[in-house]
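Here is the structure we will look at.
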Amino acid sequence: MSPDGGTERRRSTRVARTFVVKYHWINEGRSTWGVSQTKDLSACGLRFMADRQFPVGTVLELEIRLSTATQPIRVKGQVMWSKPTLLVPTAEHGVEFTKLDEETTRALTQAVEFFTHRHPGGPPESPQSPSP
């Protein structure tokens, strides 16, 4: 089940974590960039807030800064759903990545695995030394 009580349709594990995401779209013939944070991330897509509502089907260029990668991850994604928030004009968006290459898929998968297997609240626990 999804958090809103509907049927869960996600194909891959998501990690509820914030990462900086830059998003790019063409607005009235002009190239426009925005910056926000993810609400969650998977190897197939992400959820983020924006200061505007994008129509379903909008293609965005995304640049995601992951603490597990040395360079920002650059991907294209399609807005699959868009939900306005109470704070006009912000909206929450679900984006599915499109045409991922093998290297990008690997970087996203490694990040999700790292943060889903990490000890809550801190770094992974180190093995205990045997007592003398």
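Any read-out appearing in this document is the output of simple, stated calculations on the displayed coordinates, not a laboratory observation. No experiment lies behind these values; they were computed from the predicted model shown. Here the Cβ is made from the backbone with ideal geometry for all residues, glycine too, and neighbour counts use every protein chain on show.
Can you spot the lysines whose alpha carbon is less than 18 Å from Lys99's alpha carbon? Ignore those fewer than 8 places along the same chain.
Filter leaves Lys76.
Below 8 Å between Cα atoms, with a sequence gap of 6+, how large is the relative contact order for region 45-106 in percent? If you can, show how the numbers build up before the last one.
Numbers: 123 pairs, mean separation 24.2, N = 62.
Value for region 45-106: 39 percent.
If packing is taken as the average count of other Cβ atoms within 10 Å, what order do 28-34, 104-110, 42-48 fall into, highest mean first?
Details: 28-34: 9.0, 104-110: 16.9, 42-48: 21.3.
For the peptides 28-34, 104-110, 42-48, the packing ranking is 42-48, 104-110, 28-34.
Phe114 versus Thr70, label points 7 Å from Cα toward the beta carbon: distance in nm?
If labels sit at Phe114 and Thr70, their model points lie 1.3 nm apart.
Straight-line reach from Lys83: which lysines have a Cα under 18 Å away, not including same-chain ones fewer than 8 places off?
Within the straight-line cut-off, Lys83 pairs with Lys39.
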